[in-house]
1. Arg621 - would you say it is over 18 Å from Thr564 (Cα atoms) and either of a type outside the set (Gly, Ala, Ser) or outside any strand (DSSP E or B) (or both)?
2. Condition first: touching a strand residue (DSSP E or B) at 6+ places or on another chain (Cβ under 8 Å), more than 24 Å from Pro538 (Cβ to Cβ) and outside any strand (DSSP E or B). Now tell me which residues in region 592-618 satisfy that.
3. If we scan region 651-661, do we find a residue that is over 19 Å from Gly543 (Cα atoms), among the basic types (Lys, Arg), at pLDDT below 85 and assigned to a loop (DSSP other than H, G, I, E, B)?
4. Assess whether Thr324 counts as being closer than 30 Å to Asp265 by Cα, at pLDDT 95 or above and either surrounded by fewer than 21 Cβ atoms within 10 Å (Cβ to Cβ) or β-branched (Val, Ile, Thr) (or both).
5. Search region 295-321 for residues being in a strand (DSSP E or B) and among the β-branched types (Val, Ile, Thr), and hand back the single one that is surrounded by the most Cβ atoms within 10 Å (Cβ to Cβ).
6. What is the one condition in (1) buried (at least 17 other Cβ atoms within 10 Å of the Cβ); (2) modelled with pLDDT of 95 or more that Leu562 does not satisfy?
7. Would you confirm, using the coordinates I've provided, whether Thr263 is part of a loop (DSSP other than H, G, I, E, B) and crowded, with 21+ Cβ neighbours inside 10 Å?
8. Confirm whether Asn178 is in the same structural domain as Ile98 (by TED's automatic domain parsing), under 23 Å from Leu82 (Cβ atoms) and modelled with pLDDT under 95.
Amino acid sequence: MLRSLTLILVMLLILTLIPLSHPHAQVQGGVFPGKGMQVNPFSSYQAEPAPVGIADYGIGPGGTPYEYRTSSFLGTVSIGSLRTYNGSLNSTASDMSIQLNVNLVFNDSGVQYVYWVQDVAFLNTTNGQVFFIDNIWNMSSPGASMYNSTVSGNGTVAPAGKSIDYYYYAPNNTLPGNGIDLRYPATLDLMVNATQPGRDPEVTFYYNDGYGWVAFDTVTFTFATNVSGKPVFEVNGFQYEPTGYTFYDAELILGGPGNGTGTQDMDSNVYLSLLYYNGHNFQEIANAYNFGSNTAETLWNATDSAYYYPQNGSLFALVKNSSTGDALGTIYTSNEVSFLNISTGFYSGYVEVNNTGYAFSGWSANLTLAPGTYEVRLLDRGQVVFQQNVTLKAGHYRHLDAGKLYTVTFTEHGLPQGYGWEVRLDTGTVLKGDAQNLSVQLSNGTYNYTVISLENTYLPVNSTGTFFVNGSNTVLYVNFTLLTYRVDFMESGLPAGAKWSVTIGNMSVSTSNRTIVFELPNGTYNFTVHWSNTTYLPYPDMGTFYVDGKGISLYITFYSTLNTVTVEETGLSGQVWKIVVGNYTVETSSTALSILMPNGTYSVLVQAPPGYRAEYNSTLRVDGSNVTLQIKFEKVSNGLLTFGLVILILVAVVVAAAVIRRR
């Protein structure tokens, strides 16, 4: 039975360093189930002590057997709290193990070989120290053993008793995350992967306890030189292994610290998930028991039930302490969970279920989830290309066809080359760049978009819109316009109807009205005023102004009498300098310029180029006659250098005086 779980925990692992025991040599009661028989998950354990956790025996609802094969299994463990104890274990009384146990199968020269593979974390539940090891056992026939001549890895073959040897490897503490002290809540993952990169089958062991994935051992079955097919991990409820009593199961369990030991659950809050690689993505198992069978390490005084997160539908076995223990059995079946198959329309990417991501490849994804309603999204290269709300029912299979993807291209016009722009879709996808075309792959549907210029001098003509994808590629055109601000030239003094004009660069506007208007982007501009009535003169008749994010107004006054003010500079050789006389402003590199000004007294401000200072009269009086304003520019001397020269001169004088006295 599934229970909703709203807690959010982290996941982790365990530790200690002792070889695990051989699987049970005999089932309880002394009866061997036998080969070729549908398996009975309760043939080895009927009650605690037992390996407690989550397991797939290949037995579904009503005891119906099934089988599947995979290249990888992933066990995820999230620990909120964990403390075990068995006083009879002496120095390891507080130790326990977390085991990912699966069965490797391959055929060599027509002979089937079966190996029990263990990826194990040992945990000291007092100080949290964790270590990792691996074990491999030969299940190919009753009494089969392991030999150094048949396998090659980081480890070695060692005796396990009763003339049976096993392979094991215990890496040293130099590996990331090995030998560390875990702090709860903590997350731990175990993974095994079967491959055949060359002639021989291989198994690679991984762990991840917060320091990233670590592949700590790759074991090659060197004797297998004529393998047909690929090595796989097998779950099979139709039959027992060639031993006659062990299972083709997959299990992620908690138990004692090796050598067939058990331990008591004193306090626990541990979440376990078991996933297999379905050829496209990792998928949670469809039928789950709360105990394993192929290992002899056990736990007692624990309860084990199925829960799920309603936020994303992911499934867990929750192990907690109980003074009475728990009955062994199924915790959920395929009749209680849901199955979602998605045809993605592109080869690889991510499926998100309420923002929980699953990587996939091969054009589709398959998920096992708790019943519920979820937002499903597809991400291609980080961009959302499909989203839909999906309701899943218990025991049902739901196919979701994201359909073929079509190219949607946004084409811009109006931006200078190299100017950046951005398109944001309501799916969360953001297209960004400085190319003329920005493209995305989308399935059929209706989409909203917003266009943004990354340059503050240009704006999209239509910044938002809606488009439809309906079985074909789509091109959308986005026009940008230069962002301009209003510049008003306001005239006064001319008689009504008199014409005047303003020229800025290659733009010239003429009018007999009081105002001339330009629309200009940010920048620095020079202007000149022209007029047709020679009895009036404008003030100022030329100048410089700046546009910086807002509109401005410039005032031009026409006078019946104006005087010429000649400005002459000395000391510069082509540098740009600036002068402000009353309302007259101009930047120039000329040595002389003329200004027409009416009678009056004006303030003068001169801005020298870098490295110069200006000498001039700060007040100018115009009184019915032409005036000349002299400006002298001088280079600014280095104060430190001047001071240094003075010091040197003084020192020289003192020395000379001393010499004279001696004579």
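The values are calculated or read from the model by the stated rules, or taken from the named source; none is laboratory data. Quantities reported herein were computed from a predicted structural model and do not represent experimental measurements. In this analysis, Cβ positions are derived from the backbone assuming ideal geometry, glycine residues included, and neighbour counts consider all displayed protein chains.
1. Spelling it out, it is not the case that Arg621 is over 18 Å from Thr564 (Cα atoms) and either of a type outside the set (Gly, Ala, Ser) or outside any strand (DSSP E or B) (or both).
2. The answer is Ala608, Pro609, Gly611, Tyr616, Asn617, Ser618.
3. Checked region 651-661: no residue is over 19 Å from Gly543 (Cα atoms), among the basic types (Lys, Arg), at pLDDT below 85 and assigned to a loop (DSSP other than H, G, I, E, B).
4. So Thr324 fails the test.
5. Val319
6. (2)
7. no
8. no
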